[in-house]
1. How high is the relative contact order of chain B, in percent, counting Cα pairs under 8 Å that sit 6 or more residues apart?
2. With θ set to phi - 60°, apply the Karplus curve 6.51 cos²θ - 1.76 cosθ + 1.60 along region B:152-168 and write out the HN-Hα couplings as whole Hz, x wherever there is a Gly or Pro.
3. For B:Val13, what residues show an amide H to amide H distance below 5 Å, using hydrogens built from the backbone and excluding near sequence neighbours?
4. Measuring label to label, 7 Å along Cα→Cβ, what does B:Asp174 give against each other copy in nm, shortest first?
5. Which whole-angstrom value gives the distance between the alpha carbon centres of region B:38-54 and region B:104-124?
6. Dividing the convex hull volume of the Cα atoms of the protein assembly as shown by its residue count, what figure in Å³ per residue is obtained?
7. Report the extension gain between B:Lys87 and B:Arg170 in nm, rounded to one decimal, defined as 0.36 nm multiplied by the number of residues separating them, less their alpha carbon distance.
8. Would you mind getting me the FRET efficiency between B:His71 and A:Asp159? Use the beta-carbon distance for r and R0 = 41 Å, nearest 0.05.
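The values are calculated or read from the model by the stated rules, or taken from the named source; none is laboratory data. Every value quoted in this text rests on a predicted model; they were computed, and no experiment measured them. Because the Cβ atoms are built from the backbone with ideal geometry, glycine has one as well, and the counts that use them run over all protein chains shown. Heavy atoms of the whole protein, side chains included, go into the accessibility calculation; ligands, DNA and RNA do not. Shrake-Rupley method; radii C 1.70, N 1.55, O 1.52, S 1.80 Å.
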There are 2 protein chains.
Amino acid sequence: MSMNPDTLIITDVAPRDGLQNQQVAVPTEAKLELIRLLHAAGVASVEATSFVSPKAVPQMADAAELMEHVHRELPGLRASALVPNLKGLQRAQAAGVREVAVVLSATETMNLKNINMGLAQATEVCEETLLAARKMGLRTRAYVAVAFDCPFEGPTAPDTVLRLAAAMHRAGADEIVIADTIGSAAPGRVKTHFEALRQAVPVDQLAAHFHDTRGLAAANAWAAIEAGVRRLDASVGGIGGCPFAPGAAGNAATEDLVLMAEGSGLATQISLPGLLQAVAYAEARLGMNLGGRSIKWLRRRYAGPEAAPART
Amino acid sequence: MSMNPDTLIITDVAPRDGLQNQQVAVPTEAKLELIRLLHAAGVASVEATSFVSPKAVPQMADAAELMEHVHRELPGLRASALVPNLKGLQRAQAAGVREVAVVLSATETMNLKNINMGLAQATEVCEETLLAARKMGLRTRAYVAVAFDCPFEGPTAPDTVLRLAAAMHRAGADEIVIADTIGSAAPGRVKTHFEALRQAVPVDQLAAHFHDTRGLAAANAWAAIEAGVRRLDASVGGIGGCPFAPGAAGNAATEDLVLMAEGSGLATQISLPGLLQAVAYAEARLGMNLGGRSIKWLRRRYAGPEAAPART
């Protein structure tokens, strides 16, 4: 993946992070259609699903089927899948997945609540999964979750985040995603975190993942960009949340970050009218209003004769 | 006014920019109460009213009465008033006003639509008003409006903004407010503008004024802060707009900027629960829902036992 400093690479996590947290069961075909619409809008990377236990997360029981469809239909799309451990990795490999992601929470309590093991053991599981994935020739992402604040332990020290990010880097993660899981970051802290992190990990392997709980996701994303980060996670329509993090809200909306980036001279190759079609589709499927902070303006802007033709 | 680099000075423009654009007529006592609540929340500077023609803007016909009340009741508060010209300045002086603001739009067409004179003549009027205000011993602010985009002429060149800001500086403006009147800026452009501007005007005399039309006001404010700006305009609850600028939406919400600043280690001396009380008051008076992008989170945060006692 080229890293032109004037290009922003967005990974849309709506199919996984967004749809995982819905009350409504979303059929495989609807997930696939959302991924098709994102691809049609110019999104080059999506987080498609998760190879977790179907008992724990029944919304993701169709992971293998979905990935097989995605690879067949959209061979040019980067489509990653979360894997919690070696077992999940093996299922992902069997389904032909080419990119996997592991999640390491930065605190003892978050790991215990989320996966019933402590930080040291969780780190080991992520390391062995990354090493095995590399041997399989897969591309890898490693999340460092609750990297700013933990709902159980409070603020996360930049040093802790740096240490865990460095461990993931040593274990071979191609991309290390620093995640503001509960949306509590502010841009001054984002700057501090990433200025420390880029001492430990090459900045072109760092990504940032914000939630918009306090309305500061765009400002936080800008602070990450100013610190040299060119890889951001986002979710079309701002869909998302975290079932294990009390008070977490949706992800930074893809349309907000694209609008901000393009207005700031950073190319994304993503079409805003195309994203609006994906938002409209997700709204219809989920039966709820979606959209980031720019959605009203975008709909007004693209409602006129210059709008892309509606998909039927 | 001290300019500690770790302190942000917010001027709340809700009493003027916010209330001027309402359909509902707001009585003087309600304006005064909103100013009282802002002062109680720790806001040190407000834009209270405008000494424009009462025929053109009947909402501001009570300017003299309001300012007399404000000065008597809240002598420690910085309370400025817009003045369109020498006549308005004289009315402001007669009312005991200690700080006035002039508005210079950056384009020919915006000036013609707004005040029926061209850019050169508008610049002269602002200059003579600033010079006269200084002779009276008043503190002065000068807005450069439509500093990013004009609804009639499109993008505003940074050079134009720099030239007009320098002219206002030469005419003695204590503070030069760069205004994104229609809320079309993005943080990359904010950075470019202010890095140019601080070559012409000392950065501690620059202020930034954003509207939140596209949901990027906080990101834009952060970009201004990173460029060294420590004076921001905002409007409690995001109230505001511009009657002469099609498509303009509310101002950056004071609560959003305070939340962002405090989370980033910049002091504001402003209480978030205090701002929530001002938002609640404005909502009741105006009969509409108000609040910035953080309002849901703030209300949840301060709804518990830790909330400030409600004002009765």
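1. Once divided by the residue count of chain B, the mean separation gives 19 percent.
2. 9, 10, x, x, 9, 5, x, 4, 5, 4, 4, 4, 6, 4, 5, 5, 5
3. B:Glu47, B:Ala234, B:Ser235, B:Val236
4. So the label point of B:Asp174 gives 5.8 nm to the other copies.
5. With region B:38-54 and region B:104-124 each reduced to a Cα centre, they are spaced 25 Å.
6. Given the Cα convex hull of the protein assembly as shown, per-residue volume reads 147 Å³.
7. Here the answer is 27.7 nm.
8. Between B:His71 and A:Asp159 the formula returns 0.20.
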